[in-house]
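Asks: Pasting a structure here, questions to come.
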Protein chains: 2
Amino acid sequence: MSIKITGTGIYLPPYIEESKETAKLINKSEDWIISKTGVIERRKSDIDVDKMGAIAAEQALEGNNPPDLIINASGVPKQTIPDTSVFFQKELGLKNIPCFSIHGTCLSFLIALNNANALIQSNTYNKILIISADRGTIGRNPKEPESAALLGDGAAAVLVEKEKNNYNNFHYWKMNTWSDGAELTEVRGGGTSKHPQNPNTKPEDNLFSMDGPSIYKSARKKAYKMVLETFKNVEFEKSNVSWIIPHQASEKAVTAYHEYGGFEPNKIINIVNKTGNCVAASMPMAFVTAVHDDRIKQGDLLYFIGTGAGLSMACALVSY
Amino acid sequence: MSIKITGTGIYLPPYIEESKETAKLINKSEDWIISKTGVIERRKSDIDVDKMGAIAAEQALEGNNPPDLIINASGVPKQTIPDTSVFFQKELGLKNIPCFSIHGTCLSFLIALNNANALIQSNTYNKILIISADRGTIGRNPKEPESAALLGDGAAAVLVEKEKNNYNNFHYWKMNTWSDGAELTEVRGGGTSKHPQNPNTKPEDNLFSMDGPSIYKSARKKAYKMVLETFKNVEFEKSNVSWIIPHQASEKAVTAYHEYGGFEPNKIINIVNKTGNCVAASMPMAFVTAVHDDRIKQGDLLYFIGTGAGLSMACALVSY
């Protein structure tokens, strides 16, 4: 028994913030932003994550019956309690459907996809709606120009169902976490450690802190090893992969799958120039973009791979 | 293929806050607290959730090999990013083991247990460590005396493995979410909606808000229906259940499983008088307490059931 992706949706907030506008916020030039991050423009949302995710989810559900489970797979929640999945359910009017959240920062979508596969394989659920919605622009720290230049807003949703034919579409899953890299990407506030009501919590504790160059340096080697290990463990060759769908961490991080990963550049889905790094929403947004512009076709072999705060790294090999 | 619970751990912070001390904080009497909530004392932690959870996890891992996955199943995180599982890994020194979080507020543990069952059944992982650690006392709102009187701190951990014999130990799972009850339990701050840096965010937005009487009224009927439905769907009778392990929402909520659920009072694990409502940690703390004092024995049939913010309700029937 396996899974099949049967619905996809995306929400791009209408407001486009070009890098010349972002430049003013962080006191850098447009050229500096583009050369450091590769981000030419990013979206900025004036509606909150629950509404953003619900618009993407409605698209994914079009022509489909309602799901029997909703998983929120975002990086930053709408509020601490309840978890964001509840607000997605409310926006979608899908009363009585169970819902919860999976959080692994930028890898939340991929972890949710793997959990959805397990929940369907174990006959626990039949049709799972995964929604990732992030509004990173709210957490930009102007004193950290590189990460502030990277962040953008967006949402995507994917519907996963039991595969009716006997195909196996979920071929490989691997995840690792190296907690010695926990400080490389942080929003230190919002929880019990630097609680909003704690007088010692500083404003920057509530904003994104990301050491991009150190993550890149560490992740490049880890990604290289993960790719090697994947193709030692599956019946496919690297050349069988139709599309690489990386987390859109930065232009450099995306193109590294060509330079160091050895994949052809035209097989790598790259939306980072137009959307920035949308935290957990980036990977499903890249995927849905390429489905909707007809690059990704039924039967294609997809290789999802990326990093997340932790430092974590994960990949999945999935037939579409 | 099924799962088996092979390790259990608990952390009770050493400081006991008796209700006469809590009474001063909320400007009520000790008698008022005890009559409204049933909580005689609760623990108050001076270490953060990552350290609390790691102490419980070390106990659960004693004499066992390391897990191949760590799931954080807490109600409130240490910080927004990375998710708390990373900090558990760090405290435990379990390098390189994948980890992520599942969030369904007070039901996080039960949802994680169901996901662990699916991940093991689907051969994705073999040995999963679930940790719930909550420090609700940090989020107490003195202007909401009832919920402030209820909250306590604590942590518990459970190790789940593949069952080597061919027994099926995970008999039933059901969850529902009714998002029209989303406002009944909230911490509105800490995310994108009422961001800590937003000047419109009020101090009370960062604290627990819980309408206990309305939740109780709504949940009582829902719990009654869920119990009925459970025993229509399994081969067991209600009388076969060895132990009911409810979320320790309040004394009234726990004893309702006798008054309205029809279970014998001496079969209901009740720790709320001594620990208060420890959010997601409450249910596994009740379970681990009864394992460690030898009430729960191998082969016992356990019925986990409870409510969570959402409003959600879930139950699982599991052999120990």
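Every number here is computed from the coordinates shown, using simple stated rules; none is lab data. Predicted, not measured: the structure shown is a model, and the values here were computed from it. Quick reminder, even Gly has a Cβ in these numbers, built from the backbone with ideal geometry, and neighbours come from all protein chains shown.
Asks: Give me the dipole magnitude in Debye, nearest 20, for region B:1-152 about the Cα centre, with unit charges on the beta carbon: positive for Lys and Arg, negative for Asp and Glu.
Replies: Numbers: 16 positive and 17 negative charges, 33 e Å.
Its charge dipole is roughly 160 debye.
Asks: Work out Dmax and Rg for region A:179-296 from the C-alpha atoms and quote the Rg first, both in angstrom.
Replies: 17.4, 56
Asks: Just tell me how shielded A:196-206 is by partners: mean number of partner chain Cβ atoms within 10 Å of each residue's Cβ, no decimals.
Replies: 4
Asks: Would you please name the GluC sites (Glu not before Pro) within region B:188-260 that are DSSP coil residues with at most 10 other C-beta atoms within 10 Å of their C-beta?
Replies: Qualifying residues, ordered by number: B:235, B:237.
Asks: Give me a single rounded figure for A:83-91: the average over its residues of other chain Cβ atoms within 10 Å of their Cβ.
Replies: Per residue, the number of nearby Cβ atoms from other chains is 6 on average.
Asks: What is region B:167-215's relative contact order, in percent, from Cα pairs under 8 angstrom and six or more apart in sequence?
Replies: Answer for region B:167-215 is 37 percent.
Asks: Could I have the simple spin-label model distance between residue A:236 and residue B:229, label points 7 Å from Cα toward Cβ, reported in nm to one decimal?
Replies: Between residue A:236 and residue B:229, the simple spin-label model gives 3.8 nm.
Asks: Could you give the nm distance between label points at residue B:294 and residue B:266, where each point is 7 Å from its Cα heading toward the beta carbon?
Replies: Between residue B:294 and residue B:266, the simple spin-label model gives 1.7 nm.
Asks: Distances from residue A:126 to the same residue in each other copy, label points 7 Å out along Cα→Cβ, in nm, shortest first?
Replies: Label-point distances to the other copies, shortest first: 3.4 nm.
Asks: What are the ³J(HN,Hα) couplings of region A:137-147, residue after residue, when phi is run through the Karplus curve with 6.51, -1.76, 1.60 and θ = phi - 60°? Round to Hz, x for glycine and proline.
Replies: Values, residue by residue: 5, 5, x, 5, 9, x, 7, 10, x, 5, 5 Hz.
Asks: Please arrange A:109, A:287, A:231, A:263 by counting, for each residue, the other beta carbons lying within 10 Å of its beta carbon, fewest first. Working shown, then result.
Replies: Numbers: A:109 33, A:287 26, A:231 17, A:263 21.
Result, fewest neighbours first: A:231, A:263, A:287, A:109.
Asks: Starting from the Cα gyration tensor of region B:172-223, take the square roots of the eigenvalues, sort them a ≥ b ≥ c, and report rounded, prolate or oblate (rounded when a/c is under 1.5, otherwise prolate if a/b is larger than b/c, else oblate).
Replies: prolate
Asks: How large is ³J(HN,Hα), in whole Hz, for each residue of region A:93-100 in order, when computed from phi with the Karplus curve 6.51 cos²θ - 1.76 cosθ + 1.60 and θ = phi - 60°, using x for Gly and Pro?
Replies: Per residue, the Karplus-derived 3J(HN,Hα) values read x, 8, 4, 6, 8, x, 8, 7 Hz.
Asks: To the nearest 0.05, what FRET efficiency results for residue B:202 and residue B:174 with a Förster distance of 45 Å applied to their C-beta separation? Walk me through the intermediate numbers first.
Replies: Working: r = 37 Å, r/R0 = 0.82.
Efficiency at R0 = 45 Å is approximately 0.75.
Asks: Given 37 °C and 0.692 mPa s, how large is the Stokes-Einstein diffusion coefficient of region B:137-234 in µm²/s, with Rh as the Kirkwood radius over Cα pairs?
Replies: Rounded, D is 191 µm²/s.
Asks: May I pose another question? Write out the GluC sites (Glu not before Pro) in region A:51-134 meeting two conditions: DSSP loop, and at most 16 other Cβ atoms within 10 Å of their Cβ. Provide the component values of the computation, followed by the final result.
Replies: On the way: sites: A:58, A:62, A:91; in loops: A:62.
Answer in residue order: A:62.
Asks: Right, here's the next one. Under 8 Å for C-alpha pairs, at least 6 residues apart: give me the relative contact order for chain A, rounded to a whole percent.
Replies: Values: 742 pairs, mean separation 80.4, N = 320.
In percent, rounded to a whole number, it is 25.
Asks: Other chains' Cβ within 10 Å of B:179-190 residues: what's the mean? Walk me through the numbers before you get to the answer.
Replies: Working: counts 16, 4, 3, 8, 1, 1, 2, 4, 7, 4, 7, 13.
That average works out to 6.
Asks: Shifting gears a bit: Summing -39500 (n - 2.57) over the DSSP H runs of n ≥ 4 in chain A and dividing by its residue number, what mean residue ellipticity at 222 nm do you reach, to the nearest 500 deg cm²/dmol? Show your work: numbers first, answer last.
Replies: On the way: 10 runs with 104 residues, N = 320.
My calculation for chain A gives -9500 deg cm²/dmol from helical runs alone.
Asks: Right, another one. When Rg is the radius of gyration of the Cα atoms in region A:16-108 and Rh is its Kirkwood radius, what does Rg/Rh come to?
Replies: Rounded to two decimals, Rg over Rh is 1.11.
Asks: Also, quick follow-up: When each copy gets a label point 7 Å from Cα toward the beta-carbon at residue B:266, what are the spacings between them in nm, shortest first?
Replies: 7.7
Asks: Related question: Can you flag which of A:143/B:51; A:164/B:164; A:90/A:127; B:4/B:51 are past 23 Å Cα-Cα?
Replies: Checking Cα-Cα distances, A:143/B:51; A:164/B:164; B:4/B:51 exceed 23 Å.
Asks: So what's the Cα pair-distance distribution over region B:3-162, bin width 5 Å, in %?
Replies: 2, 10, 18, 20, 17, 12, 9, 7, 4, 2, 0
Asks: Which distances, in nm and shortest first, link the residue A:217 label point to the same label point in every other copy, taking 7 Å along Cα→Cβ?
Replies: Label-point distances to the other copies, shortest first: 6.1 nm.
Asks: List the lysines whose alpha-carbon lies under 21 Å from that of residue A:274, not counting same-chain residues fewer than 8 positions away?
Replies: Result set, ordered by chain and number: A:20, A:24, A:28, A:36, A:44, A:252.
Asks: Additional query: Within chain A, what's the longest stretch lacking trypsin sites (Lys or Arg not before Pro) that sit in DSSP loops with no more than 16 other Cβ atoms inside 10 Å?
Replies: Details: sites that count: A:95, A:143, A:164, A:295, A:297.
Formally, the longest exposed-site-free interval is A:165-294.
Asks: Report the antiparallel proportion of the DSSP beta bridges in chain A as a percent, rounded to a multiple of 5.
Replies: Approximately 75 percent, going by the DSSP bridge assignments.
Asks: Report the Cα centroid-to-centroid distance between region A:41-65 and region B:104-121 in angstrom, as an integer.
Replies: With region A:41-65 and region B:104-121 each reduced to a Cα centre, they are spaced 27 Å.
Asks: Moving on. Evaluate 2.2 N^0.38 Å with N set to the residue count of the protein assembly as shown, then give the Cα radius of gyration divided by it.
Replies: 0.91
Asks: Quick one: go through region A:120-161 and flag any residue whose amide nitrogen is under 17 Å from the point 7 Å out along the Cα-to-Cβ line of residue A:25.
Replies: A:134-155
Asks: May I ask you to work out the translational diffusion coefficient for chain B at 10 °C, viscosity 1.306 mPa s, via Stokes-Einstein with Rh from the Kirkwood sum over Cα pairs, reported in whole µm²/s?
Replies: Taking Rh from Cα pairs, D becomes 81 µm²/s.
Asks: Enumerate by residue number the chymotrypsin sites (Phe, Trp or Tyr not before Pro) in region B:1-33 meeting two conditions: DSSP loop (anything except H, G, I, E, B), and at most 15 other Cβ atoms within 10 Å of the site's Cβ. Walk me through the intermediate numbers first.
Replies: Details: sites: B:11, B:15, B:32; in loops: B:15.
Qualifying residues, ordered by number: B:15.
Asks: Nearest 20 debye, what's the magnitude of the dipole of the protein assembly as shown about its Cα centre given +1 on Lys and Arg Cβ and -1 on Asp and Glu Cβ?
Replies: 260 debye
Asks: Okay, next question. Using Cα pairs under 8 angstrom and six or more residues apart, how large is the relative contact order of region B:3-162, in percent?
Replies: 36 percent
Asks: Summing Lys, Arg as +1 and Asp, Glu as -1, what charge do residues with Cβ under 11 Å from the Cβ of residue B:273 carry, residue B:273 excluded?
Replies: Residues close to residue B:273 contribute a combined charge of 0.
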